[in-house]
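Enquirer: Questions regarding the structure given below will be posed in turn.
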Amino acid sequence: MGAGGRMLVDGKKEEKRGSVNRVPIEKPPFTLGQIKQAIPPHCFRRSLLRSFSYVVHDLCLASLFYYIATSYFHFLPQPFSYIAWPVYWVLQGCILTGVWVIAHECGHHAFSDYQWVDDTVGLILHSALLVPYFSWKISHRRHHSNTGSMERDEVFVPKPKSKLSCFAKYLNNPPGRVLSLVVTLTLGWPMYLAFNVSGRYYDRLASHYNPYGPIYSDRERLQVYISDTGIFAVIYVLYKIAATKGLAWLLCTYGVPLLIVNAFLVLITYLQHTHSALPHYDSSEWDWLRGALSTMDRDYGVLNKVFHNITDTHVAHHLFSTMPHYHAMEATKAIKPILGKYYPFDGTPIYKAMWREAKECLYVEPDVGGGGGGSKGVFWYRNKF
């Protein structure tokens, strides 16, 4: 897909506005209820047995990879072990990203009809991946409630040019973009959890580990404590494993795959919400439906299935977040005719899209007088200093 026609709607080029193909900012000619009516009713039904089958499937694969690595890699001649371990890291990282997505589904109450089951499974799976389950669940719920809002969205909130750091323009070159991407993919997730980096602005330090931080209300603080307890429990187990097996063994079997999980998580979220065709709105223009439609479906090839289609059904997920992932593809196909030009999809290969978005999406400005019905309350990505 070339740069001149990367926005696709049912395989056709979208109408251009200015120099890029943009998602329409006009009020959609359909309602959420009309979108829902287009989806077969069974797509909204959650099956506890089927949901658990995906957990078992992913954990069995993860266990198999672990068994092969720890039981046979030391028999390999030295040069081959240097190849085998990176292969293990990538495979294990991909599978554990799928586990992360299932826990994410628990946070949306899309795993089963029983909230306590969803929260129990989500807490166990996310804690094992060093994610504070309830703490993240609360902020992520607000992200879904305020997607595309310049003031209230919780993640990958773009900055106006006036609020960029003083050194941002010096990173606007190939070496600078490489550095920015490496830092974002390796440190982005833990920095977001610990210090709310790239998140919504708060007037004091916001952290997913702090029950008394500005992210949480009084009634939510106990859940943050529970999340922190889960993290501490896993860290203690990891400490005991490192003491028994050695730190290098722990890093090879768990640490590096976890880094890959974190990198995929940041990359997926970044590309879902960062695109020159996606608008952001201030309070004068924002509404929930247009915000939910300001997300991008992407194509990760075979990884779409490994990641339980969180990558290529994200628009449907933002519209109906309690829908289980195994019905999301059917739902996406059903809503495309209703959404029409409001359905954003970009099939650009992911490595190209990552580089392009890092190059083109540096800050946002309102498109006043830029053609195509500009508005002071609608912000678009820019890259010129």
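The values are calculated or read from the model by the stated rules, or taken from the named source; none is laboratory data. A quick note: this is a predicted structure, and the numbers were derived from the prediction, not measured. Accessible surface is based on the protein model in full, side chains and every heavy atom, while ligands, DNA and RNA are left aside. Shrake-Rupley method; radii C 1.70, N 1.55, O 1.52, S 1.80 Å.
Enquirer: Check Lys159: other-chain or 5+ apart residues with amide H under 5 Å from its amide H, H built from backbone geometry?
Expert: Long-range HN contacts for Lys159: Val364.
Enquirer: Taking only Cα atoms of the chain, what ratio of Rg to Rh do you get with Rh as the Kirkwood inverse-distance radius? It would help to have the intermediate numbers written out before the result.
Expert: Values: Rg = 21.2 Å, Rh = 22.0 Å.
Taking Rg over the Kirkwood Rh, I get 0.96.
Enquirer: What number comes out for accessible area per residue over the chain if the probe is 1.4 Å? Units Å², please. Mind showing how you got there, number by number?
Expert: Values: 18140 Å² over 385 residues.
Averaged over the residues of the chain, the accessible area is 47 Å².
Enquirer: With θ set to phi - 60°, apply the Karplus curve 6.51 cos²θ - 1.76 cosθ + 1.60 along segment 25-30 and write out the HN-Hα couplings as whole Hz, x wherever there is a Gly or Pro.
Expert: 9, 5, 4, x, x, 9
Enquirer: Ile215's amide H: which non-local residues (gap 5+, or another chain) put their own amide H closer than 5 Å, with H modeled 1.01 Å from N in plane and none for Pro or chain starts?
Expert: The list, which skips near neighbours in sequence, is Ser207.
Enquirer: If you rank Ser321, Ser112 by how much accessible surface each has, with a 1.4 Å probe, what is the order from largest down?
Expert: Values: Ser321 35, Ser112 0 Å².
My answer, sorted largest first, is Ser321, Ser112.
Enquirer: May I pose another question? Expressed in nm to one decimal, what extension gain is obtained for the pair Thr186 and Gln115 from 0.36 nm per residue of sequence separation less their Cα-Cα distance?
Expert: On the way: separation 71, 0.36 × 71 = 25.56 nm, distance 3.25 nm.
Between Thr186 and Gln115, full extension yields an extra 22.3 nm.
Enquirer: Shifting gears a bit: Of Ser294, Ser180, Ser51, which is the most mobile in a GNM of the chain whose springs link Cα atoms less than 10 angstrom apart?
Expert: Taking springs between Cα atoms under 10 Å, the residue moving most is Ser180.
Enquirer: A further question follows. Considering only Leu258, Leu238, Leu289, give the residue with the highest GNM mean-square fluctuation for the chain, with springs between Cα atoms whenever their separation is below 10 Å.
Expert: Of the options given, Leu238 has the highest mean-square fluctuation.
Enquirer: Whole-Hz ³J(HN,Hα) for each residue in segment 378-385, computed from phi via Karplus 6.51 cos²θ - 1.76 cosθ + 1.60 with θ = phi - 60°, x for glycine and proline: what do you get?
Expert: 10, 10, 10, 5, 9, 9, 9, 9
Enquirer: Work out from phi, with θ = phi - 60° and the Karplus expression 6.51 cos²θ - 1.76 cosθ + 1.60, the ³J(HN,Hα) of each residue of segment 273-284, listed in order in whole Hz, and give x for Gly and Pro.
Expert: 10, 10, 6, 5, 8, 9, x, 10, 10, 8, 5, 6
Enquirer: Right, something else. Whenever you get a sec, compute what percent of the accessible area on segment 40-382 sits on carbon and sulfur atoms (1.4 Å probe). The partial results should precede the final answer.
Expert: Values: 10550 of 15520 Å².
Within segment 40-382, the accessible surface is 68 percent carbon and sulfur.
Enquirer: Moving on. Let me have the 222 nm mean residue ellipticity of the chain computed from DSSP H runs of 4+ only, each contributing -39500 (n - 2.57), with the sum over all residues rounded to the nearest 500. Working shown, then result.
Expert: Values: 14 runs with 195 residues, N = 385.
Mean residue ellipticity, 222 nm, calculated: -16500 deg cm²/dmol.
Enquirer: When DSSP beta bridges are limited to those with both residues in the chain, what percentage is antiparallel, rounded to the nearest 5?
Expert: On the way: 13 of 17 bridges.
That works out to approximately 75 percent antiparallel.
Enquirer: Follow-up question, since we're still on this one. Which lysines, on any chain, are close to Lys163 with Cα under 24 Å apart, when same-chain ones fewer than 8 places away are left out?
Expert: Lys359, Lys376, Lys384
Enquirer: Give me the lysines in straight-line cross-link reach of Lys36: C-alpha distance below 16 Å, same-chain residues under 8 apart excluded.
Expert: Lys333, Lys336
Enquirer: Show the residues, 5+ positions off or on another chain, whose built amide H is closer than 5 Å to the amide H of Tyr343.
Expert: none
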